[in-house]
1. Residues of region 59-92 being of a type in the set (Lys, Arg) and more than 28 Å from residue 227 (Cα to Cα), which ones?
2. If you check 252, 208, which single one turns out to be more than 16 Å from ligand 2 (Cβ to nearest atom), β-branched (Val, Ile, Thr) and part of a loop (DSSP other than H, G, I, E, B)?
3. May I ask you to verify whether residue 122 is buried (at least 18 other Cβ atoms within 10 Å of the Cβ) and closer than 18 Å to residue 300 by Cα?
4. Mind listing whichever residues of region 3-52 are at pLDDT 95 or above and of a type in the set (D, E, K, R)?
5. Take the conditions among the hydrophobic types (A, V, I, L, M, F, W, C), more than 10 Å from ligand 2 (Cβ to nearest atom) and in contact (Cβ under 8 Å) with a residue 12 or more places away in the chain and apply them to residue 228. Does it pass?
6. Select from region 306-329 the residues that are closer than 16 Å to residue 228 by Cβ and surrounded by fewer than 20 Cβ atoms within 10 Å (Cβ to Cβ) and list them in ascending order.
7. Name, by its number, the condition in (1) surrounded by fewer than 16 Cβ atoms within 10 Å (Cβ to Cβ); (2) touching a Phe, Trp or Tyr at 6+ places or on another chain (Cβ under 8 Å) that does not hold for residue 87.
8. Which pairs have Cβ atoms under 9 Å, sit 6 or more apart or on different chains, and link a residue in region 101-117 that is within 14 Å of residue 232 (Cβ to Cβ) and in contact (Cβ under 8 Å) with a residue 24 or more places away in the chain to one that is assigned to a loop (DSSP other than H, G, I, E, B) and of a type in the set (S, T, N, Q)?
Amino acid sequence: MLTQLDRPALEQLLDKLAVEYRLKVPKQLADGTRQLAPYRDGAISLSGAVLHRKPTTYFFPQIERLLTIDTSGTVSVPVQAEKPLALFGLNRADLAGVTFLDRFFLAAPVDDAYLRNRSGALLIGLTGAAGPDNSFLPLSVGDCDIEMIAIRGGWMALGHSVAGERLLLDFPDGDPERMVALRKFSESNSGHQDLLQKASQLLTDDKVPDQFWVEIADRCILCSGCNLACPTCNCFGMQDRTSENGTERSRVWDSYQLDAFMREASGHNPLGTEALRTRRRIHHKLVADVERWGELGCVACGRCDRACPTGIGMMAVAEELVKRYGEIK
Ligand code: SF4
Ligand code: SF4
């Protein structure tokens, strides 16, 4: 379904969403960054930089209580929120990040905590002229319920799911020819995917010597920012906290840049050097995920490159790797 919305129609849609969902929309903070915030909590930001905080946080939070055991031994688990979430304003990479985590956590056996957060949630993409200074953001691959494509004076709105189509029923039809032109334009912007594919191939073909990882790892200060910022990272550890009221079990994000990440009780550590852990960070997303899921585990959101204080985020490493061992000069 293709419809067209102007600003009052967008407000109408958002008001409607806010009745049924816990709606989060992009908001510009005082420091110029953007992040999702509750609807009507300040002005909505309809174009600009990538959302600072990865939206997958809503479904896989940094710390999440899984269960509580009280002093009588009774176990309780968190209950599902009354209204599902609706996240508005996700770009193509962020939608791909949610799709990646869905595949990981919802594959059998399903992760019930993730399912509880994700169940019934609505994703609304924001693409087209919605980047910084209204620059063009590539269209999604349809992995959202509604896609709002910013155009001059409004948005083309595509319903990609039954829930999305239902919400768009009241709005006037969009122009299909214009949609074809937008798709063509979007397809001509492949972004960083070519670079990542080349780096992936070099790693798969074992063209990258161990010394490369020693050099890259030498620059890592083990802050773990790359993993914490990444929308497709899904490693976590378990944490039990006991108080006079009982014990609370939570899961907490982990980072494979850290020494203890794979250290075994015996003291043996299969990823015992920074070089091995750095290789793992890149190799996992560019090779292991491809073998397992048929797709790169990096959605090219750029967050790790912005987070890394020493310039060895995914794109920087991929570029270096292709420059040194590939065809590109
Ligand atoms: S660019 Fe970095 S943060 Fe973004 S998906 Fe790829 S590895 Fe993760
Ligand atoms: S963000 Fe950079 S410095 Fe920090 S752990 Fe990751 S690679 Fe190392």
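The values are calculated or read from the model by the stated rules, or taken from the named source; none is laboratory data. Fair warning: this is a prediction, and the values are worked out from it, not measured in the lab. Because the Cβ atoms are built from the backbone with ideal geometry, glycine has one as well, and the counts that use them run over all protein chains shown.
1. Listed by number, the list holds a single entry, 83.
2. Exactly one of 252, 208 is more than 16 Å from ligand 2 (Cβ to nearest atom), β-branched (Val, Ile, Thr) and part of a loop (DSSP other than H, G, I, E, B), namely 208.
3. The answer is no for residue 122.
4. Matches in region 3-52: 6, 7, 11, 15, 16, 20, 22, 24, 27, 34.
5. no
6. 306, 307, 309, 310 - these are the residues of region 306-329 that are closer than 16 Å to residue 228 by Cβ and surrounded by fewer than 20 Cβ atoms within 10 Å (Cβ to Cβ).
7. (1)
8. Listed pairs, sorted by first residue: 101/232; 101/234; 104/232; 104/234; 105/234.
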